[in-house]
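A short write-up of the structure that comes next.
The values are calculated or read from the model by the stated rules, or taken from the named source; none is laboratory data. Nothing here was measured: the structure is a model prediction, and the numbers come from that model. Heads up, the Cβs are rebuilt from the backbone with ideal geometry, glycines too, and the neighbour counts pull from every protein chain shown.
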Amino acid sequence: MYISEEQLKGFDSYKYSCVDTSPLANYVMHPFWNQFVKVFPKWLAPNVMTILGFLLLVVQMFVFIWYDPVFAAAPDKFLIPHWVWYFSVVAQFFSHTLDGCDGKQARRTGSSSPLGELFDHGLDSWSVSLFVFNAYSAFGRHAYPVDKMYGVYASTMLGFMISHWEKYNTGILFLPWSYDLSQMALLFVYLIISIFGLEVMQSNIFGMSIAFWFGTLVYVSTFFLTLPQSLYNVFIAYHNGTAKQSSLYEAFIPLFSPFAGFLLFALWVYISPGDILQTNPRLVYFALSVLFSNILCRLIVAQMSGTRCQVLNLFIPISTVCLLLVVTTGSPEVESYILWGLTLVMTVAHIHYGMVVVDKLADHFGIAVFHIRKKTID
């Protein structure tokens, strides 16, 4: 279930290939991580570091949901206690740092494996949306309307997706410059708020709000940096005869489901009888993040195992049926129940998918997921 014998065997011949040309990564982040990783004991499994970094973002997300469920972010109402911003500094710093150190810990302890990469990138596929989900709490709908934020949210996930689509076609993961830059920018935002208060986010830079520049940075990064570079790298791979896929159709298969998902939820928001994005924006964004992460995890499995990517993710037709029910009933109350139910089902199914795939790979390689030791094989 979830992962075939063909895919398991494909992982046996997988070799990690990555290119990172970012000056920030090469001259600042990696030297820092090379030293910081020495803080961790050698008995600590890299996957423990990976999941701890992810859980920090999850806790941060629930804290923001509790204090500011609709992205009000109103400084004059003090919806979000000041300690939350201090915690956000810690969560942002350590989630980024642990993500940067887990691979170094694996090499340091001689525990590198395809499972570790899948575990890391699989959680990253969810983390990338949580970063924006949490950051939007600093701006709020008064500075950046929730409908416009939908485009920023989708663009962020799309940028991450494009990098892995590129790897599916070229066999090489070209890390975008924007990743570490955006992580440091978020840390700076939380740090400034923790020192000066949320009121600082009301300031303008060159006559435009900070929220506007945040959205602009995301769009420029995705559509003017990541996308053109990825298309170029894929073109070169086909031109040189090193492409992994046999045709353009096969090359673009991984993009069908994410584009369908983004458009489906955009349509839902547009025709929503209860204006669901305005009344419960966090639920809409979270549902989209689960859908996106599941699509990307399956792409990563296909890419690493050298197998064909799934054409249409099962969550797409399920979400389509839910939207049809919403349109048929035309009831805002029913719509809310349906979206809650859909989100719950997708979340449980996605977590179950991840657990099963990780467990099967651990058995296949004879390793423990959260321990640096060989598992006993009968």
Original post:
Out of (1) among the β-branched types (Val, Ile, Thr); (2) outside any helix (DSSP H, G or I); (3) without any contact (Cβ under 8 Å) to a residue 60 or more places away in the chain, the odd one out for VAL345 is which?
Top reply: (2)
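If only one of VAL189, VAL200 is without any contact (Cβ under 8 Å) to a residue 24 or more places away in the chain, among the aliphatic types (A, V, I, L, M) and part of a helix (DSSP H, G or I), which one is it?
VAL200
Just to confirm my filter: which helices (runs of 4 or more DSSP H) fall fully inside region 1-89 and include at least 2 residues that are aliphatic (A, V, I, L, M), out of contact with any Gly (no Cβ under 8 Å at 6 or more places or on another chain) and under 22 Å from CYS101 (Cα atoms)? Don't jump to the end; show me each part of the working.
Details: elements: 5-12, 30-36, 46-67.
Answer list for region 1-89: 46-67.
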**OP:** Return yes or no: is LEU325 in a helix (DSSP H, G or I), over 21 Å from the mean Cα position of the chain (by Cα) and over 21 Å from LYS9 (Cβ atoms)?
**Re:** yes
Subject >> Of all residues in region 348-378 being in a helix (DSSP H, G or I) and in contact with a Ser or Thr (Cβ under 7 Å, 6 or more places away or on another chain), the one that is modelled with the highest pLDDT >> reply: HIS350
**OP:** Take region 304-333 and flag every residue that is surrounded by 16 or more Cβ atoms within 10 Å (Cβ to Cβ), over 18 Å from LEU173 (Cα atoms), among the hydrophobic types (A, V, I, L, M, F, W, C) and in contact (Cβ under 8 Å) with a residue 40 or more places away in the chain.
**Re:** PHE315, ILE316, LEU323, VAL326
Subject >> Sole exception among (1) at pLDDT 90 or above; (2) under 20 Å from the mean Cα position of the chain (by Cα); (3) of a type outside the set (A, V, I, L, M); (4) within 30 Å of HIS82 (Cα to Cα) for ASP180, by number >> reply: (1)
**OP:** Name every residue in region 119-171 that is of a type in the set (Asp, Glu) and either closer than 18 Å to ALA302 by Cβ or free of Cβ contacts under 8 Å to residues at least 24 places away in the same chain (or both), in order of residue number.
**Re:** ASP120, ASP124, GLU166
Subject >> Test set (1) of a type outside the set (Ser, Thr, Tyr); (2) more than 25 Å from ALA302 (Cβ to Cβ); (3) under 21 Å from the mean Cα position of the chain (by Cα); (4) modelled with pLDDT under 95 - GLY116 fails condition number >> reply: (2)
